[in-house]
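Take a look at the structure below.
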Amino acid sequence: MTAPTTTTAARKGGRWIERWDPEDTDFWRTTGERTARRNLLYSVLSEHIGFSIWTLWSVMVLFMGPEYGIDPAGKFFLIAMATLVGSLVRVPYTFAVARFGGRNWTIFSALSLLLPTGAAYAVMEPGTSYTTFLVVSALTGIGGGNFASSMTNINSFFPLRKKGWALGLNAGGGNIGVPVVQLVGLLVIGTAGAAHPRLVLGVYLPLIVVAAVCAALFMDNLAPVRNDTGAAREAVRDRHTWIMAVLYIGTFGSFIGYSFAFGLVLQTQFGRTPLQAASVTFVGPLLGSLVRPVGGMLADRYGGARITLWTFAAMAVATGVVVLAAVTGSLTVFLVGFVALFLLTGLGNGSTYKMIPGIFHARALERGMTGERAAAYGRRLSGASMGLIGAVGALGGLAINLAFRQSFQTASTGTPAFVAFLLFYAVCFCLTWAVYLRGAPAGPAPAAAEPALGYARV
């Protein structure tokens, strides 16, 4: 296959691009954009499969009828285990890209998904101990790490002016792995019945191999991307890393937490059968995934902080609708409110990830840097911070499932959990306004080359 640029060399067992400068418009137009888009395409494929495996137990619990001997609280804890591991592995996965190369790590991380999928295939039957299910669920958490390495890798390929679109598309295509695995589960339940969960797993085993082979054939490593422990330490010390982590709990944490819990909430609160739950479970994650690139594009145009602010306001309203539906027992209103929440988490996911490189570019401008120096600083710090932000944000999914578990255990309803979520979205709204928009003018975000005016343009 023809090398993407004249500076691509074979070393360290893979395809390495020695020179990469996406902010150079001539370089981007002649060779950079084509290469970046190709890597984006196959990164999306691998991340998509990773998300499907990470959220596998949101589907498996629908197959676990009374013969499995696991109550709703136990099922919520089972899916929370996958969420926890998926959150924690995001940090090492982020730095693995610079250590091993984006292409090389994508191959490895894709193939590693064979372990949890094969293990689930082996144990998915009545009579298996709950401890065994917990261990296998924990193994599927490695699929959540694929997101962090993929986002860090793609962040390095694209110029600042394109990051909102590229990161939104990369994440959205990956997020679609959630509704797709749920659709596969629906197909199996609707055709073969709830006694055949292994059919779902059989679909994914060959797809994992396909993703790894495509990464090997069509992706590249970027030699200029290096592990930078100084950048990691600086990102940890910067307050914006932790502020964005809190906001990401509200957006992505909500998306992944609701994705895991949606079907189980329908079964537990509204008495839906596995088929009835599976027939609507995929809708919210699908719409939330599809709209994520829109959130990125709106952030490119108007500023991520503005889109994030009003997204949190709308999420609070939608959660209020869900609370009302839960209290009155209206399934229709509940579904409308819950699907609206998914749509809004997708918009917020796109806008918050656009904010991260913008914030650190603004920090560079504050420190007197200009041009390529400022852009390089922004790439360096945003890449280092993404793993931390992604890991902490994904823990929101764990918190959501633990909140549902506690809510159903103590009140036999999810209403107290939803009230807590509403209050948290209000906190996120206030935090976004206070840190990034207070005193900022209205209108579109200023161009990236202009001096920072607060953080309104991030």
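The values are calculated or read from the model by the stated rules, or taken from the named source; none is laboratory data. Owing to the predicted nature of the structure, the values given are computational and were not obtained by experimental measurement. Note that we place each Cβ from the backbone using ideal geometry, even for glycine, and neighbour counts take in every protein chain shown. Just so you know, the surface numbers come from the protein's heavy atoms only, side chains and all, with ligands and any DNA or RNA stripped out. Shrake-Rupley method; radii C 1.70, N 1.55, O 1.52, S 1.80 Å.
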Task: Per residue solvent-accessible surface (Å²) - the chain, probe of 1.4 Å - done: 35
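Under a 1.4 angstrom probe, counting protein chains only, how are ASP24, ASP220 ranked by accessible area, largest first?
The ordering from most to least exposed comes out as ASP24, ASP220.
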TODO: Once you have the Cα-Cα distance between LEU423 and VAL327, take 0.36 nm times their residue separation minus that, and quote the gain in nm to one decimal.
DONE: 32.8 nm
Task: Charge-dipole axis of region 185-289 as Lys and Arg at +1 and Asp and Glu at -1 on Cβ define it, positive-most pick from ILE243, LEU186, LEU207 - done: LEU186
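Keeping all protein chains in place and using 1.4 angstrom, which order do ILE389, ILE243 fall into by accessible surface area, from largest down?
These residues rank, largest area first, as ILE243, ILE389.
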Open item on the list: Restricting to Cα pairs below 8 Å that are 6+ residues apart, what does the relative contact order work out to for the chain? Please round to a whole percent.
Closed with: 23
Task: Additional length obtainable on full extension of the chain from VAL123 to GLU67, 0.36 nm per residue less Cα span - done: 18.7 nm
- [ ] Compute the label zone of ALA434 within region 204-246: residues whose backbone N is under 16 Å from the point 7 Å along Cα-to-Cβ.
- [x] 239-246
- [ ] For PHE218, tell me the accessible area in Å² from a 1.4 Å probe, rounded to the nearest 10.
- [x] 60
Open item on the list: Can you give me the solvent accessible area of ARG15 with a 1.4 Å probe, rounded to the nearest 10 Å²?
Closed with: 40
- [ ] On the protein heavy atoms, probe 1.4 angstrom, tell me the percent of accessible surface of the chain carried by carbon and sulfur.
- [x] 68
Open item on the list: Below 15 Å, Cα to Cα, which aspartates and glutamates can LYS354 reach? Residues fewer than 8 away in the same chain don't count.
Closed with: ASP300
- [ ] Only Lys, Arg, Asp and Glu count, each charged at its Cβ (+1, +1, -1, -1), so figure out the dipole size of the chain about its Cα centre, rounded to 20 debye.
- [x] 760
TODO: Order the peptides 126-139, 109-122 from the highest to the lowest mean number of other Cβ atoms within 10 Å of their residues.
DONE: 109-122, 126-139
Open item on the list: From the alpha carbon gyration tensor of region 135-254, can you work out the equivalent ellipsoid semi-axes (sqrt of 5 times each eigenvalue) and give them in Å, largest to smallest?
Closed with: 33, 19, 14
Open item on the list: Students often check this: by mean Cβ neighbours within 10 Å, which of 299-311, 154-166 ranks highest, and how do the rest follow?
Closed with: 299-311, 154-166
Open item on the list: Starting from 0.36 nm per residue, how many nanometres of slack lie between GLU366 and ARG161 once their C-alpha separation is accounted for?
Closed with: 71.9 nm
- [ ] Between VAL213 and THR410, with labels modelled 7 Å along Cα→Cβ, what's the label distance in nm to one decimal, could you check?
- [x] 5.2
Open item on the list: At 222 nm, what value in deg cm²/dmol follows for the chain if DSSP H runs of at least 4 each add -39500 (n - 2.57) and the sum is divided by all its residues, to the nearest 500?
Closed with: -24500 deg cm²/dmol
Task: Entry for percent of Cα pairs over 38 Å apart (calculated from the structure that is shown) out of [x] 21; [y] 32; [z] 24 - done: [x]
- [ ] Write down the Å³ per residue value for the convex hull defined by the alpha carbon atoms of region 320-415.
- [x] 105
